[in-house]
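The values are calculated or read from the model by the stated rules, or taken from the named source; none is laboratory data. Because the structure is predicted, anything quoted here is derived from the model rather than measured. All Cβ positions, glycine included, derive from the backbone under ideal geometry; neighbour counts span all protein chains shown. All accessible areas refer to the heavy atoms of the entire protein, side chains included, with ligands and DNA or RNA removed. Shrake-Rupley method; radii C 1.70, N 1.55, O 1.52, S 1.80 Å.
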Amino acid sequence: MAIMNPSPSPETAAETRWHALRSEEALAALASNAAAGLSAAEVTLRLIRFGPNSLPEQSRKSMLSVFLSQFKSPLIYLLLAVSGIAFLAGEASDGLVILSVVLLNSGIGAFQEGRAEKSLEALRRLSGHKARVVREGREEILEVGEIVPGDILVLSAGDAIAADARLVDGAALQIAEAALTGESLPVAKDLLPLAPDTVLADRRNMVFAGTHVTAGRARAVVVATGLATEIGVIASLASSATEPKTPLERRIEQFGRYIIVAAALMFGMVLGIGLLRGIPFKDILMIGISQVVGMIPEGLPVAMTVALAVGVQRMARRGAIVRRLSAVETLGSTSVICSDKTGTLTRNQMTVTALGLPGRPEIEVTGGGYEPEGRFLEAGRDLPADADPALRELLEAGVLCNDAQFLGPDASDSRWRALGDPTEAALIALAIKGGVLPAALRDLLPRRAEIPFDAGAKMMATQHDSAGGSRVILKGAPEMLLALCGTVRRLGRSVPFEDIARREAQDAAEQMAGRALRVLAIAIVDGAEIDGRSG
């Protein structure tokens, strides 16, 4: 008779400090198994107990509510009041004109905001992703909403993490956590338990929902889903925040109050003067209404809405969806953006800007981001990569000793995208600029063995078949690789790496680092194997 551990309660799962437990203890607390995962029956029970792994969405606004929200302005209230008075006074034509202006303004605003809502809804559908989990001993690909505490996540480079989880197995795992912690560089993970009071950004044995894997592989047991995740806590706080009024809305409200006070004073003066002069009350009333209508800039709301709508369209052409028209004006009023972390507000794309080859001037590389468009310039002159064996060998080595994948434009997205570490993605973009096709090269020289990047050794190595037998490529910190090199390639020949040449290479690396560049060194060993059996 088998004894099963009871599944954890929501309170226990939320309060446990999972980073302080060993992986075996975390699995036991969650009544899970790293190799087999959960059974289908247990998943059903936990889905009922914990709920779906999703954040609650705000209720969708109907088009009627969006339309009515356009009337929330003192200036609109005043125009509606004047329109009503005009109808009561028998001036239906004036009342209809004012009412038409108000309805036109609200219609334009509702149309633009309705389009933004539809675009956001389309983005939500596109952003829904799947996750690989182990259940009943088999790997399955599931919708993120079906994941429950105790599930075993299978993670590899490029995967988005679906829930908060404690690592139970892994190799050279790196996670991009900028969305959660603000840390712009990928974070290396390990399995060791940590002190209970370890802050979120230092929990190296945990992975969190909303982040993604840049390198390595791992298995992790889910400890929190939905609102219980760290990103869920942030979402809860954000949903309770009140939305402030934009500068434009505040100025319009203030202007509307001034108009109301001025119109009331004008109307009172007209009534007073008319009564003193003995003019019939109906005539006085119509004169007062006409003066008030003349004071109100009924064309202002329409002009303002049209101007904002044009701004929304321009933002949309640049790939930005603006939900509210007034937000366009807020963006235009922004003069300073403050950031507490270098790189957090960037596109998370790196670019190779300079190359160094032994005994040659520094090679400048033009172009930015992941767009594989640019030139190689040596001493100010164009350098064809396909006609320079040393440069091409460097580009090919950067592709082979590399775990990143590059995705070109397709029907759904016109941008170049990368899966993996941004630094390795930059090497792929560099190679394509030089005419190297990564997929074809990797097929021609397949990887036979590898040593993943190690933070202690500060390098990674891969072994490939080549025409001369076997070739090992190393990539890492210059100070580590230069210490290992015994020869250097000059003019197509390998010559001893003498002290003078070594110092020159070190000085070149230091000069690049002094310009705030991240410096990598690449080395090639022919006739070698990673396990050390030859070479």
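Observations on the structure shown:
- For segment 440-535, projected area of the alpha-carbon convex hull averaged over all directions, nm²: 7.5 nm²
- For segment 395-459, a simple Cβ point-charge model (Lys and Arg +1, Asp and Glu -1, everything else neutral) yields a dipole of about 120 debye relative to the Cα centre.
- Average projected area [Cα convex hull, segment 372-454], square nanometres: 6.9 nm²
- Net charge dipole, segment 199-262: roughly 160 debye, given to the nearest 20, about the Cα centre with Cβ charges of +1 for Lys and Arg and -1 for Asp and Glu.
- Averaging Cα coordinates gives a centre for segment 409-473 and one for segment 127-202; these two points are 24 Å apart.
- Ligands, DNA and RNA excluded, the heavy atoms of ILE530 present near 40 Å² of accessible surface to a 1.4 Å solvent probe.
- Highest to lowest packing among 424-431, 166-173, scored as the average C-beta count within 10 Å: 424-431, 166-173
- Solvent-accessible surface (1.4 angstrom probe) belonging to ARG503, in square angstrom, nearest 10: 130 Å²
- Rolling a 1.4 Å probe across all protein chains gives TYR77 an accessible area of roughly 120 Å².
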